[in-house]
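Shown next, in structure tokens, is the structure this report addresses.
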Amino acid sequence: MRWPLIRLLPREFNIDFVRLAPFAAIVSAILVLGSIGSFVVQGLNMGIDFVGGTAIEVHTKGPVPLGELRAAVPAAGGHDAQVQGFGNPQTAMVRFRTEGANAFASAEQVKQKLAARFPGMEFKPPVVVGPKVSGELMSGGFMALGIALLLMLAYIWFRFQLQFGLGAVVAVFHDIALTLGLLSITQIEFSMTSIAALLTVIGYSMNEKVITFDRLRENLRKYKTTPLRDVINKSENERLSRTLITGSTAILALAGAFFLGGPVLFPLVSTMVFGIVIGTYSSVYVALPIILLWGVRRNDEPAEPLRPAAARR
């Protein structure tokens, strides 16, 4: 039994994507420049993973009241507090940033106020993460992003053609710039979880590019004399229904965590949802226009004749 709403989607659309490409290029350029400007002017709201901070492991006889503890840490003097369950319901990890030259003394003050607020709560000695370690985490995280892009460029270059690889990398750079711009404008906390979200966005976006290029390459073999813009339009109209179903399914899967996950999951999920939308858009209006401007080779493999569906079975 098919889902009725899916049956309402046509098998093939008839949209002139290429005609809208110049307008989309202007919109993308404005958004990228705005994202870069926001990143330069106010930067990212770095979490304690990158600016340094204090971590304290706490234990209680019963389940840790995570919500109450999360609200009590800022009142005790811990900024940018993060409270997460750790191992079992009776244990939690409290991370926060303190002000002042003596981080250990500030952490002890926070611990004392929390002990007074939650009688019976036990604390392990605080662990202070300094700026040097935080800087290494940041450089390592962005290095991971760079390596991921280079490996994907090599893969697409090997599987398709060079212009396909460059189109994909430029599109992924576009996605990363807009995602970082969103994090900068909204000042959502940027942490190692955000790096994981960006890597996930890169993976989803690159997967969309591979599917886009695969359908385009298939049609280029079939229609060797058809103008490239017409082949691009046909390829995108053929795969649009699949793209809508895949993207909406991914967003629906994240919707529960987006609305019910609370402040702990919100930075991760919001980044992923935005990245899915932008990654789908850039497959059509960033990667493919680069291929249209550069052109493609069509003489590498013989054309495959079109056959009726009954003959292929």
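The values are calculated or read from the model by the stated rules, or taken from the named source; none is laboratory data. Note that the coordinates shown come from a computational prediction; the quantities given were computed from them, not determined experimentally. Methodologically, a virtual Cβ is constructed for each residue, glycine included, from the backbone with ideal geometry; neighbour enumeration extends over all protein chains shown.
Only one of the numbered conditions (1) farther than 30 Å from Met46 by Cα; (2) in contact with a Phe, Trp or Tyr (Cβ under 9 Å, 6 or more places away or on another chain) is not met by Phe258, and that is (1).
Does region 182-190 contain at least one residue that is under 13 Å from the mean Cα position of the chain (by Cα), buried (at least 19 other Cβ atoms within 10 Å of the Cβ) and over 18 Å from Pro289 (Cα atoms)?
Filtering region 182-190 for residues under 13 Å from the mean Cα position of the chain (by Cα) gives 182-183, 190.
Applying the additional criterion that residues be buried (at least 19 other Cβ atoms within 10 Å of the Cβ) yields 183, 190.
Narrowing the set further to residues that are over 18 Å from Pro289 (Cα atoms) leaves 183, 190.
Yes: one or more hits.
What pairs come up if the first residue lies in region 25-48 and is closer than 30 Å to Arg97 by Cα and outside any helix (DSSP H, G or I), the second is of a type in the set (Phe, Trp, Tyr) and modelled with pLDDT under 90, and their beta carbons are under 8 Å apart, counting only those six or more places apart or on different chains? Partner pairs satisfying both residue conditions: Leu44/Phe190; Asn45/Phe190; Met46/Phe190; Gly47/Phe190.
Taking the stated definitions as given, is Arg298 surrounded by fewer than 17 Cβ atoms within 10 Å (Cβ to Cβ), modelled with pLDDT under 85, basic (Lys, Arg) and not in a helix (DSSP H, G or I)? First the steps, then the outcome.
Numbers: surrounded by fewer than 17 Cβ atoms within 10 Å (Cβ to Cβ): yes; modelled with pLDDT under 85: yes; basic (Lys, Arg): yes; not in a helix (DSSP H, G or I): yes.
Judged against the criteria, Arg298 is a match.
Can you tell me which residue in region 273-291 is surrounded by the fewest Cβ atoms within 10 Å (Cβ to Cβ), limited to those that are among the β-branched types (Val, Ile, Thr) and in contact (Cβ under 8 Å) with a residue 40 or more places away in the chain?
Ile290
All conditions but one from (1) modelled with pLDDT of 80 or more; (2) in the same structural domain as Val170 (by TED's automatic domain parsing) apply to Glu12; the one that does not is (1).
Yes or no: Thr225 without any contact (Cβ under 8 Å) to a residue 40 or more places away in the chain and of a type in the set (Ser, Thr, Tyr)?
Yes, satisfied.
The residues on offer are Lys234, Lys209, and the sole one that is within 29 Å of Gly34 (Cα to Cα), in contact with a Phe, Trp or Tyr (Cβ under 9 Å, 6 or more places away or on another chain), of a type in the set (Lys, Arg) and in the same structural domain as Pro289 (by TED's automatic domain parsing) is Lys209. Within region 161-175, restricting attention to residues that are surrounded by fewer than 24 Cβ atoms within 10 Å (Cβ to Cβ) and modelled with pLDDT under 90, which residue is nearest to the chain's Cα centre (by Cα)? Checking each candidate, the answer is Phe173. The C-beta contact set for region 176-189 (first residue farther than 10 Å from Ser38 by Cα and charged (D, E, K, R), second residue modelled with pLDDT under 90 and crowded, with 20+ Cβ neighbours inside 10 Å, distance under 7 angstrom, 6+ apart or interchain) comprises Glu189/Gly47; Glu189/Pro267.
The residue of region 100-139 that is farthest from Val73 (Cα to Cα), among those that are among the small types (Gly, Ala, Ser) and at pLDDT below 75, is Gly135. Go over the candidates Ser270, Ser241 one by one and state the one that is under 18 Å from Ile185 (Cβ atoms) and surrounded by 15 or more Cβ atoms within 10 Å (Cβ to Cβ). Only one candidate passes the filter, namely Ser270.
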